[in-house]
Amino acid sequence: MAAKTLNDLFVDTLKDIYFAEKQILKALPKMARAAQSEEGKAGFLKHRDETESQIERLVQVFEIIGKPARGKTCEAIQGIIAESEEIIEEFKGSAALDAGLISAAQAVEHYEIARYGTLIAWAKQLGLKDAIPLLQASLAEEEATDKKLTQLAQTSANLKATKAA
C-alpha cells in the first residue's frame with residue numbers, strides 16, 4: 001500500500017465536505033418548515049441557496065485537482081442532522097423549538113467552518129492557488145451564517161424560549 005500524503009488527505013476531506021453540503025442541502029428545507037419565526041424560516045432558506053453555491057464551488061475544486069466530484073459518507077454531519085431532526089420532533093410546538101434549531105444549525109456551521117479552514121490551509125501547502133478563493137468564499141459564507149444565527153438566538157429565539165418556561 002502506497003504511503004498516504006497531504007494530497008490524499010485533501011481529496012478525502014474535500015469528498016467529506018461535498019457529502020456534508022449535499023446532506024445539509026436536504027436538511028435545510030425541513031428546518032425552514034419547522035422554524036416558528038419568519039426570520040428563522042427565511043434564514044434557513046437563504047442558507048439553502050448559499051449551500052447550492054458552495055456545492056458548485058466544491059465541484060470547481062474537484063475539477064481543479066482533476067478528480068470527479070464525489071462524496072464520502074460523513075458520519076459527523078449525519079449525526080448532527082439526526083440531532084436536528086430529534087429537536088424538531090421533541091420540541092415541536094414549543095417556544096424552545098427555534099432556539100434548538102439554531103443550536104443544531106450552529107453545530108453544522110462550526111463543522112463546515114472547521115472543514116473549510118483546514119482545506120484552505122492544505123490548499124496553500126499543496127500550491128492549489130485556484131482552489132483557495134473558492135474555499136475562502138464558502139468559509140466566509142459559513143462564518144457570516146454563524147454570526148447571523150448567534151444574533152437571531154440572542155435577540156429573539158432564546159428570549160422566547162426563556163419566557164415560555
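The values are calculated or read from the model by the stated rules, or taken from the named source; none is laboratory data. No experiment lies behind these values; they were computed from the predicted model shown. Heads up, the Cβs are rebuilt from the backbone with ideal geometry, glycines too, and the neighbour counts pull from every protein chain shown. We work out accessible area using only protein heavy atoms, side chains counted, and drop any ligands, DNA or RNA first. Shrake-Rupley method; radii C 1.70, N 1.55, O 1.52, S 1.80 Å.
Which one of these does A95 not meet: (1) more than 21 Å from E142 (Cα to Cα); (2) touching an Asp or Glu at 6+ places or on another chain (Cβ under 8 Å)?
Unmet condition: (2).
Check whether at least one residue in region 44-51 is aromatic (F, W, Y), open to solvent by 40 Å² or more (accessible area, probe 1.4 Å) and either within 24 Å of A153 (Cα to Cα) or out of contact with any Phe, Trp or Tyr (no Cβ under 8 Å at 6 or more places or on another chain) (or both), and report yes or no.
There is no residue in region 44-51 that is aromatic (F, W, Y), open to solvent by 40 Å² or more (accessible area, probe 1.4 Å) and either within 24 Å of A153 (Cα to Cα) or out of contact with any Phe, Trp or Tyr (no Cβ under 8 Å at 6 or more places or on another chain) (or both).
If you scan region 14-51, which residues turn out to be of a type outside the set (S, T, N, Q) and under 18 Å from K160 (Cβ atoms)?
Scanning region 14-51 gives M31, A32, A34, A35, E38, E39, G40, K41, A42, G43, F44.
Say we look at region 144-165 and pick out the residues that are open to solvent by less than 80 Å² (accessible area, probe 1.4 Å) and within 18 Å of the chain's Cα centre (by Cα); which of these is nearest to S94 (Cα to Cα)?
Among them, the one singled out is A153.
Where in region 51-165 are the helices (runs of 4 or more DSSP H), entirely inside, with at least 2 residues that are touching a Leu at 6+ places or on another chain (Cβ under 8 Å)?
Hits in region 51-165: 75-91, 97-126, 131-152.
Taking A20, is it within 21 Å of L149 (Cα to Cα) and assigned to a helix (DSSP H, G or I)?
yes
Yes or no, residue by residue, for (1) surrounded by 15 or more Cβ atoms within 10 Å (Cβ to Cβ); (2) free of Cβ contacts under 8 Å to residues at least 60 places away in the same chain:
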{"residue": "A69", "(1), (2)": "yes, yes"}
{"residue": "I81", "(1), (2)": "yes, yes"}
{"residue": "A96", "(1), (2)": "yes, no"}
{"residue": "A121", "(1), (2)": "no, yes"}
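Looking at the structure I just gave you, is D8 part of a helix (DSSP H, G or I), over 19 Å from L149 (Cα atoms) and in contact with a Lys or Arg (Cβ under 7 Å, 6 or more places away or on another chain)?
Considered against the rule, which asks whether it is part of a helix (DSSP H, G or I), over 19 Å from L149 (Cα atoms) and in contact with a Lys or Arg (Cβ under 7 Å, 6 or more places away or on another chain), D8 comes out as no.
Going residue by residue through region 18-41, is there one that turns out to be of a type in the set (D, E) and open to solvent by 50 Å² or more (accessible area, probe 1.4 Å)?
So far as region 18-41 goes, yes, one or more of its residues are of a type in the set (D, E) and open to solvent by 50 Å² or more (accessible area, probe 1.4 Å).
What pairs can you find where one residue is in region 7-25 and closer than 12 Å to A76 by Cβ and among the acidic types (D, E), the other is open to solvent by 20 Å² or more (accessible area, probe 1.4 Å) and modelled with pLDDT of 95 or more, and their Cβ atoms are less than 6 Å apart, with a gap of 6+ or different chains?
Partner pairs satisfying both residue conditions: D16/K72.
Within region 84-109, can you find the residues that are under 14 Å from the mean Cα position of the chain (by Cα) and of a type in the set (D, E)?
Within region 84-109, just E109 meets the criteria.
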